[in-house]
Amino acid sequence: RTNIAITKTRTYSQTFESNLSIGYDPHVEIKPLPHILRTFKAKFPHVYLSLRMTNFKEKWDLLTNFKFDLVFTSQEGTEDITGIEYTELFTGKFVCILPREHLLARQKLVQLADLQNQSLILLDPLKCPPEMTRVQNALHLNCPDCTVYFSDSAAISYAMIKGTLGIAIIPEFACLADPEVATIPLDIAAAISYGIAWNKKQVRSEIKNFISITKQAYCMTR
């Protein structure tokens with residue numbers, strides 16, 4: 001930690017005029033992120049960018065205590081935290097990710113009844129947003145005889161799927177591009193709003209510019 005701090009300080013003092021700290025969720029693949037970073041760096045080369053992976057609960061403490069300038073996050077929970085501003089980038093429905101040879105992979109839509117007696121791979125409820133936890137609770141109620149595995153990340157979920165441990169239930173925006181699995185919509189009304197949040201007390205131009213570039217990037221993908 002000391003070596004990292006020294007290296008950052010030396011690099012920052014020699015090359016950059018300001019810095020921007022960004023938190024993101026391990027469960028979500030932010031597909032436009034490379035474009036966002038490339039665009040921001042080209043326009044504001046004097047800003048040092050720091051990215052850190054953090055879970056849903058930890059990020060709010062870091063944001064409210066100014067350890068993060070911005071976080072990519074789901075919307076739920078932002079309303080209960082004083083001084084947090086949120087803008088939506090997209091919404092996502094829930095899908096089933098399963099091996100291509102699985103019988104359910106032939107369907108265009110998976111019903112909750114189809115999941116009876118299946119093995120399910122769910123995200124760790126201590127690390128995922130409330131919207132995801134509610135869907136997982138509904139699965140427990142509707143499929144009480146299912147075997148349940150818990151995963152720390154989408155990447156681990158995919159390894160478990162391909163290892164034939166079960167079917168993963170995740171938001172569609174957390175899906176990874178993988179030809180070895182099938183992605184089938186789940187027939188459930190729940191959806192998650194995902195966006196970017198920041199502390200209202202932070203009025204730095206770097207933050208406003210990053211938000212603007214991020215929103216433009218997502219508009220281009222729609």
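Miscellaneous remarks
- Taking every protein chain into account, the 1.4 Å probe leaves T78 with about 10 Å² of accessible area, to the nearest ten.
- Residue-level accessible surface for R134, protein heavy atoms, 1.4 Å, Å²: 130 Å²
- In loop segments of the range 57-129 as defined by DSSP, the GluC sites (Glu not before Pro) with at most 12 further C-beta atoms inside 10 Å of their C-beta are E101.
- Sparsely packed loop sites in the range 45-121 (the chymotrypsin sites (Phe, Trp or Tyr not before Pro) outside DSSP H, G, I, E and B with at most 12 other Cβ atoms within 10 Å) comprise F66.
- Amide H contacts of Y149 (H built 1.01 Å from N, in plane; Pro and chain starts excluded): L120, I121, L122 sit under 5 Å, all sequence-distant by 5 or more or on other chains.
- Shape call, the range 107-168: gyration tensor on alpha carbons, a/c limit 1.5: oblate
- Under the simplified labelling scheme, the M53-N142 pair shows an inter-label distance of 3.0 nm, with each label point 7 Å from Cα along Cα→Cβ.
- GNM top mover of L122, L33, L141 - the chain, alpha-carbon springs below 10 Å: L141
- Of K67/K208; K108/K215; K31/K59, pairs whose Cα-Cα distance is over 29 Å: K108/K215
- Split the accessible area of the chain by element, probe 1.4 Å, and carbon with sulfur accounts for 53%.
- Free-standing Cys, the chain [no other Cys Cβ under 4.7 Å]: C96, C128, C175, C219
- Scaling the Cα radius of gyration of the range 104-222 by the globular reference 2.2 N^0.38 Å produces a ratio of 1.28.
- The residues of the range 90-175 have, on average, 47 Å² of accessible surface per residue, using a 1.4 Å probe with all protein chains present.
- Using the Cα coordinates of the chain, the gyration tensor eigenvalues translate into equivalent-ellipsoid semi-axes of 36, 18, 17 Å, sorted from longest to shortest.
- When shorter helices are ignored and each DSSP H run of at least 4 residues is given -39500 (n - 2.57), the per-residue value for the chain at 222 nm works out to -10000 deg cm²/dmol.
The values are calculated or read from the model by the stated rules, or taken from the named source; none is laboratory data. This one's a predicted model, so the numbers in the text were calculated from it and none came from an experiment. Quick reminder, even Gly has a Cβ in these numbers, built from the backbone with ideal geometry, and neighbours come from all protein chains shown. Just so you know, the surface numbers come from the protein's heavy atoms only, side chains and all, with ligands and any DNA or RNA stripped out. Shrake-Rupley method; radii C 1.70, N 1.55, O 1.52, S 1.80 Å.
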